[in-house]
Amino acid sequence: MDDRVLDLTEAQKKIKSKYPKINKKYEYLDHTADVQIHSWGATLEEAFEQCAMGMFGYMTDTETVEPTDIVHVESSGDDMQSLLFHFLDDWLYKFCADLFFVPREIKVLDIDKSHFKIRSIGWGEEFSLEKHPQGTEVKAITYSAMQIYDTEKPQIFAIVDI
């Protein structure tokens with residue numbers, strides 16, 4: 001994670017050792033009172049996946065999550081920025097209000113850039129304070145300074161309210 005330290009129990013360390021290490025392609029950038037996630041990938045789909053995982057990575061150590069459940073999320077928007085907003089917001093909803101679901105991995109199955117729709121799937125489990133270290137709660141997604149670069153090396157910058 002970033003410079004925050006989450007103390008892990010022996011059970012959490014055992015889970016981390018049971019599964020392959022997660023290849024993280026995101027970082028946290030300084031931002032006044034909020035957190036800016038910078039993600040990237042070989043494809044735009046991967047950059048979206050990594051942005052969502054960056055959001056969850058701020059709330060807990062995702063390597064302590066066991067991929068025992070599967071959740072599907074479909075999102076839509078009016079343009080690429082609103083698509084990213086709704087994609088992150090729909091995943092946040094699965095954590096905060098719906099299933100208390102925290103993913104170990106998210107995979108974008110399809111991005112329809114013409115109709116601004118995205119289909120994704122996540123593998124994880126229900127969040128438990130006994131099992132997962134508590135990071136900082138993400139309250140909301142913002143449009144502030146949101147940037148999507150669909151180039152040879154796609155990148156995303158998104159600010160989440162903590």
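Before moving on, here are some points about what is shown:
- When Asp89 is tested against (1) under 20 Å from His132 (Cα atoms); (2) assigned to a helix (DSSP H, G or I), just one condition goes unmet, and that condition is (1).
- Residue list for region 92-118, restricted to those being within 12 Å of Ile70 (Cβ to Cβ) and either in contact with a helix residue (DSSP H, G or I) (Cβ under 7 Å, 6 or more places away or on another chain) or basic (Lys, Arg) (or both): Lys94, Phe101, Pro103, Arg104, Ile106, Lys107
- Residue selected from region 36-80 under the condition polar (S, T, N, Q) and out of contact with any strand residue (DSSP E or B) (no Cβ under 8 Å at 6 or more places or on another chain), by the criterion farthest from Lys139 (Cα to Cα): Thr43
- Residues that are open to solvent by 10 Å² or more (accessible area, probe 1.4 Å) and either part of a helix (DSSP H, G or I) or among the charged types (D, E, K, R) (or both) within region 60-81 comprise Asp61, Glu63, Glu66, Asp69, Glu74, Asp78, Asp79, Met80, Gln81, listed in sequence order.
- Of all residue pairs spaced 6 or more apart or on separate chains, those with beta-carbon atoms under 6 Å, a first member in region 79-108 that is within 11 Å of Ser120 (Cα to Cα) and in contact (Cβ under 8 Å) with a residue 60 or more places away in the chain and a second member that is open to solvent by 50 Å² or more (accessible area, probe 1.4 Å) and not in a helix (DSSP H, G or I) are Glu105/Trp123.
- Residues satisfying the stated conditions in region 17-40, i.e. touching a Phe, Trp or Tyr at 6+ places or on another chain (Cβ under 8 Å) and of a type outside the set (A, V, I, L, M): Lys25, Tyr26, Tyr28, Gln36, His38, Ser39, Trp40
- Candidates Lys21, Lys14, filtered to the one that is open to solvent by 50 Å² or more (accessible area, probe 1.4 Å), under 18 Å from Phe127 (Cα atoms) and over 13 Å from the mean Cα position of the chain (by Cα): Lys14
- For region 145-162, the set of residues classified as open to solvent by less than 20 Å² (accessible area, probe 1.4 Å) and part of a loop (DSSP other than H, G, I, E, B) consists of Met146, Pro154, listed by residue number.
- Residue list for region 108-144, filter: under 24 Å from Gln12 (Cβ atoms) and open to solvent by 70 Å² or more (accessible area, probe 1.4 Å): Trp123, Glu126, Leu129, Glu130, Gln134, Glu137
- Selection from region 95-107 of residues that are on the phi < 0 side of the Ramachandran plot and either among the polar types (S, T, N, Q) or open to solvent by 40 Å² or more (accessible area, probe 1.4 Å) (or both): Cys96, Ala97, Asp98, Leu99, Glu105, Lys107
- Yes/no for Lys21 being part of a helix (DSSP H, G or I) and over 21 Å from Ile162 (Cβ atoms): no
- Filter result for the condition that a residue is touching a residue at least 24 places away in the same chain (Cβ under 8 Å), charged (D, E, K, R) and under 23 Å from Phe157 (Cβ atoms), over Glu46, Glu63, Glu74: Glu46
The values are calculated or read from the model by the stated rules, or taken from the named source; none is laboratory data. As the structure is a computational prediction, the values presented were derived from the model and not from experiment. Here Cβ is always computed from backbone atoms with ideal geometry, including for glycine, and neighbour counts include all displayed protein chains. Heavy atoms of the whole protein, side chains included, go into the accessibility calculation; ligands, DNA and RNA do not. Shrake-Rupley method; radii C 1.70, N 1.55, O 1.52, S 1.80 Å.
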